[in-house]
Amino acid sequence: MDVRYLYCITPAAIVPPAGLQGVGGCAVDAVVAGDLAIWTSTLESSGRAEASVEAIGAHNAVVEAAIRPDSTPIPLRFGQRLETADAVRDLIDREREAWLAQLK
């Protein structure tokens, strides 16, 4: 199973820095659909992130890593996940217009 933990929405051109780790120490990557991306991690084992000070701090650190002088990411609530990268792309496609308006 490819459970994806979600951190934030960014323009597609903004990519996670190499070596960035999120919740549970998992590597962060970007799932891209057109002009938008959602930064995600593939979760291990149960596919759920346990709420703890460390996990919430890791989530926040990923969102902060996405901040640029000319672009602020749209943060997603802690614990959000989807079953596959395709489901993440579908979400981007459904919410594209609203998110693009917020990123401007």
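Within the stretch 45-71, being assigned to a loop (DSSP other than H, G, I, E, B), open to solvent by 40 Å² or more (accessible area, probe 1.4 Å) and either modelled with pLDDT of 95 or more or within 11 Å of Tyr7 (Cα to Cα) (or both) holds for one residue alone: Ile67. Within the stretch 34-44, restricting attention to residues that are touching a helix residue (DSSP H, G or I) at 6+ places or on another chain (Cβ under 7 Å) and open to solvent by less than 10 Å² (accessible area, probe 1.4 Å), the residue that is farthest from Glu83 (Cα to Cα) is Leu36. Screening Gly79 on (1) at pLDDT 95 or above; (2) open to solvent by 20 Å² or more (accessible area, probe 1.4 Å) shows it passes everything except condition (1).
Residue count for the stretch 4-25 under the criterion of being among the aromatic types (Phe, Trp, Tyr) and either open to solvent by 10 Å² or more (accessible area, probe 1.4 Å) or in contact with a His (Cβ under 8 Å, 6 or more places away or on another chain) (or both): the result is 1.
The values are calculated or read from the model by the stated rules, or taken from the named source; none is laboratory data. Because the structure is predicted, anything quoted here is derived from the model rather than measured. Don't worry about glycine lacking a Cβ; one is built from the backbone with ideal geometry, like all the others, and counts go over all protein chains shown. For the accessible areas, the whole protein counts, side chains as well, though only heavy atoms, and no ligand, DNA or RNA atoms are used. Shrake-Rupley method; radii C 1.70, N 1.55, O 1.52, S 1.80 Å.
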